[in-house]
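Trainee: Have a look at the structure that comes next, please.
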Amino acid sequence: MKKITILFLMLANLLAAQKNKKPNIIVVLADDISARELPIYKSDTWSPPKGGDTQDLKYRAHTPVLDEIANKGLYVKTAWAAVVCSPSRAMMMTGRYAHLHKWWGNKTTGKYTNEEGRIGTLPLYASSPLTIGHIAKQGGYTSIWAGKTQMRNPNLDKFGFDEGVFTPGESSLGGDNPFTDFRVQTQKVDGKKVMLNNDTKQKVDYYDQAGWYWKPHVMLMNHPTSKKEFEWWPNTEKSKKEYGLNTYGPDVELDFIFDFMDRKVKEDKPFFVYHTTHLGHDGFDFLNPSSHNKWPGTPKIEWKNGKYKRTEPNVTGDNGVYNTHGTVTESGIHRHINYLDYQMSLYLQKLKELKIDKNTIVIFCADNGTSGYGKNSAESQKGTHVPFIVYAPGLGLTKKGEQDVLVNLADVLPTIAEIGGVTIPKDYEINGVSLWPFLTTNQKEHRDWIYGYKDGQQIIRSKNVLKDGFNKWYDVSETPSDLISYPIVKDWNTVSKELKTEKETLEKILPQFNTFKTQRHGPLTAKQKQQVEKQEALKAEKLKALKAKKRAKQKAKNKNK
């Protein structure tokens with residue numbers, strides 16, 4: 001009887017320990033994917049392979065796994081980011097808006113006086129020392145950051161993450177990458193700057209980039225196999241032997257993430273995965289350099305009998321002439337989303353394999369709207385409206401399926417803080433609001449308004465009213481079939497008192513964040529401030545002249561028609 005009592009107590013203690021164990025957290029941040037691209041959002045319009053709009057079902061993404069976790073878990077009807085990469089990722093990384101972190105747009109990140117006394121881009125860990133990585137660490141989590149960084153700073157070890165797998169890696173951290181020539185780079189030819197494809201040495205009309213899809217540039221941070229803090233991968237005899245044309249960057253990211261998860265489960269440590277995948281982002285198609293493909297193909301996958309089958313890539317060739325032997329898909333953002341769905345199925349399998357599926361929260365979202373449709377657009381909610389799915393079986397979520405609430409990407413950081421038991425100081429401004437009370441209680445609403453931005457353009461909406469970056473106001477009380485064609489309110493005397501009140505509330509909120517013109521930068525010396533302002537004025541004049549030239553060219557073209 002005594003032995004039975006002891007065994008019962010041991011079992012009870014074990015169950016109590018498991019119950020009190022912090023849940024693992026996985027955040028998958030997809031790249032340039034509007035909510036409308038996922039079938040779960042029921043839009044009647046999505047993006048074709050060249051960008052723009054289509055209703056052709058052959059270009060509709062197929063997402064059985066994301067559909068399932070959205071319905072068994074929950075998905076947010078209206079989640080917002082900023083309209084382009086840098087300010088959106090800054091919002092996610094800091095839980096703050098641009099008036100604090102100073103990352104207004106891709107080309108308008110704030111300046112400051114750096115450690116050497118020179119003018120530099122203000123890093124987020126300087127403007128906002130409590131990054132998402134630091135919060136996770138304070139909460140007792142070990143963490144990995146895998147994929148795209150977009151942090152414009154080589155000091156990737158200052159964001160609070162224990163490990164990193166960066167695609168592409170920073171050459172300033174480890175010299176030139178010796179493993180791949182899949183790079184588009186500005187070089188001098190006959191004294192003139194031109195853009196070259198390093199693989200073919202041919203001129204291309206594109207932008208500078210180190211490849212992150214096929215034969216990717218990969219940098220490791222603090223990996224157990226590394227001899228130093230930052231190291232190019234492949235970095236072992238085995239990986240060097242296997243690396244080549246058939247190496248696909250998104251697969252590499254997931255392999256390292258799963259290796260990290262394996263190690264942390266063995267160590268019995270809660271973990272935080274921040275997976276900032278490139279999937280969804282357009283890129284130079286090195287396998288088809290003359291094709292002008294917007295979204296390079298992925299390895300072929302097939303959904304059959306409730307599971308995925310992946311075809312092993314078989315790419316051969318060199319110097320821009322490649323044969324994929326039918327193992328790589330054609331171009332299209334729908335192919336990227338399909339591959340994301342495949343990767344989400346691998347996540348779910350891994351969680352079950354490690355027996356942590358009942359103690360892990362998975363958040364799937366994106367950083368801004370689709371290229372060729374919403375990215376960089378401040379019109380209506382084209383650039384801000386992104387998917388947001390939460391899946392956490394076993395963690396007591398009280399909501400299921402579609403949730404008609406408002407969520408900002410800034411909300412993820414305080415959510416992680418609350419899950420990890422981290423108290424954010426009262427004098428440290430956070431613009432996000434923790435989702436945890438909404439997810440786990442009978443709370444019906446999450447927040448009253450959400451916010452997006454690009455440079456000096458402010459975008460804000462409440463439940464029924466939206467103001468875009470061009471100061472147009474919309475009635476968003478009913479959702480149109482394309483998720484975007486809301487009626488513009490031109491006469492506010494014709495709308496309800498409820499809508500008028502919401503508009504007045506939003507107008508009172510906006511001024512506190514409207515500091516692009518007056519407080520665009522971080523701390524600068526008086527001399528540096530004058531220097532920066534002079535450079536910005538010159539840039540503005542050049543841009544104005546360029547726009548005028550384009551307008552004149554278009555006017556002449558229209559006249560000749």
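Trainee: Please give the Cα centre distance for region 175-236 versus region 102-147, rounded to the nearest Å.
Mentor: So the separation of the two Cα centres works out to 24 Å.
Trainee: Expressed as a whole percentage, what fraction of the accessible surface of the chain belongs to carbon and sulfur atoms when a 1.4 Å probe is rolled over the protein heavy atoms?
Mentor: Reported share for carbon and sulfur atoms: 51 percent.
Trainee: Provide the solvent-accessible area of HIS217, counting protein heavy atoms only and rolling a 1.4 Å probe, rounded to the nearest 10 Å².
Mentor: Answer for HIS217: close to 10 Å² accessible.
Trainee: Return the label of the correct value of Rg and Dmax of the Cα atoms in Å, as calculated from the structure shown, out of (i) 32.3, 99; (ii) 41.0, 133; (iii) 24.3, 100.
Mentor: Computed from these coordinates, Rg and Dmax of the Cα atoms in Å corresponds to label (iii).
Trainee: Considering only protein heavy atoms, what per residue accessible area in square angstrom results for the chain with a 1.4 angstrom probe?
Mentor: Value for the chain: 47 Å² per residue.
Trainee: Over 20 Å between C-alpha atoms is what I'm after, so list which of LYS148/LYS350; LYS50/LYS193; LYS22/LYS264; LYS294/LYS375 land there.
Mentor: Working: LYS148/LYS350 22 Å; LYS50/LYS193 28 Å; LYS22/LYS264 13 Å; LYS294/LYS375 14 Å.
Pairs exceeding 20 Å: LYS148/LYS350; LYS50/LYS193.
Trainee: Which whole-Hz couplings ³J(HN,Hα) result when phi for each residue of region 140-146 is put into the Karplus expression 6.51 cos²θ - 1.76 cosθ + 1.60, θ = phi - 60°, listed in order with x for Gly and Pro?
Mentor: Result, rounded to whole Hz: x, 8, 8, 9, 9, 10, 10.
Trainee: To continue, here is another question. For n ≥ 4 DSSP H runs only, could you compute -39500 (n - 2.57) per run for the chain, divide by its residues and tell me the 222 nm figure to the nearest 500?
Mentor: -9000 deg cm²/dmol
Trainee: By a straight-distance test (C-alpha under 25 Å), which lysines pair with LYS555 as possible cross-link partners, with residues fewer than eight away in the same chain excluded?
Mentor: The reachable lysines, counting only those whose Cα sits under 25 Å from LYS555, are LYS539, LYS542, LYS544, LYS547.
Trainee: Here is a further query. Restricting attention to region 79-131, which trypsin sites (Lys or Arg not before Pro) occupy a DSSP loop and are surrounded by at most 11 other Cβ atoms within 10 Å?
Mentor: Taking region 79-131 and a limit of 11 other Cβ atoms within 10 Å, the loop trypsin sites (Lys or Arg not before Pro) found are LYS107, ARG118.
Trainee: Give the total of Lys-Lys pairs in region 416-499 with Cα-Cα distances below 14 Å; include a pair only if its members are 8 or more places apart or on different chains. List each step's numbers first, then the result.
Mentor: Numbers: LYS444/LYS463; LYS454/LYS467; LYS463/LYS497; LYS467/LYS490; LYS472/LYS490.
The number of close lysine pairs in region 416-499 is 5.
Trainee: I need the chymotrypsin sites (Phe, Trp or Tyr not before Pro) found in region 321-382, filtered to DSSP loop residues with at most 13 other beta carbons within 10 Å of theirs.
Mentor: Taking region 321-382 and a limit of 13 other Cβ atoms within 10 Å, no loop chymotrypsin sites (Phe, Trp or Tyr not before Pro) are found.
Trainee: Sticking with this one: Give me log10 I(q)/I(0) at q = 0.13, 0.16, 0.21 Å⁻¹ for region 208-336, Debye formula, one equal scatterer per alpha-carbon, no solvent.
Mentor: Log10 I(q)/I(0), no solvent term: -0.64, -0.94, -1.37.
Trainee: I've got another one for you. Go through THR63, CYS85, HIS275 and say which Cα lies farthest out towards the positive end of the charge dipole of the chain; charges sit on Cβ, +1 for Lys and Arg, -1 for Asp and Glu.
Mentor: Of the candidates, CYS85 comes out farthest on the positive side.
Trainee: May I ask for the distance between the Cα centers of region 299-358 and region 22-74, given as a whole number of Å?
Mentor: If we compute the Cα centre of each part, the gap is 16 Å.
Trainee: Once whole DSSP H runs in the chain are found, which of them have Cα atoms spread over 15 Å or more along the helix axis and a mean Kyte-Doolittle score of at least 0.0? Spell out each step's value before the answer.
Mentor: Details: long enough: 2-20 (27 Å, 0.80); 249-266 (26 Å, -0.27); 333-353 (30 Å, -0.70); 497-509 (18 Å, -1.45); 526-560 (51 Å, -1.77).
Span-like helices here: 2-20.
Trainee: Shifting gears a bit: Tell me the label-point distance for the pair ALA537, LYS21, using the 7 Å Cα-to-Cβ offset, in nm and rounded to one decimal.
Mentor: 6.3
Trainee: Now for a separate question. What is the Cα centroid distance between region 506-551 and region 398-463, reported in whole angstrom?
Mentor: Centre-to-centre distance over Cα atoms comes out at 29 Å.
Trainee: Pairs of Cα atoms under 8 Å, at least six residues apart: use those to get the relative contact order of the chain, whole percent.
Mentor: 24
Trainee: What's the magnitude of the charge dipole for region 245-357 around its Cα centre, counting Lys and Arg as +1 and Asp and Glu as -1 at the beta-carbon? Answer in Debye, nearest 20.
Mentor: For this selection, approximately 400 debye.
The values are calculated or read from the model by the stated rules, or taken from the named source; none is laboratory data. In this text, all values refer to a predicted model and were calculated from it rather than measured experimentally. Every residue, glycine as well, gets a Cβ built from its backbone with ideal geometry; the counts of neighbours run over all protein chains shown. Heavy atoms of the whole protein, side chains included, go into the accessibility calculation; ligands, DNA and RNA do not. Shrake-Rupley method; radii C 1.70, N 1.55, O 1.52, S 1.80 Å.
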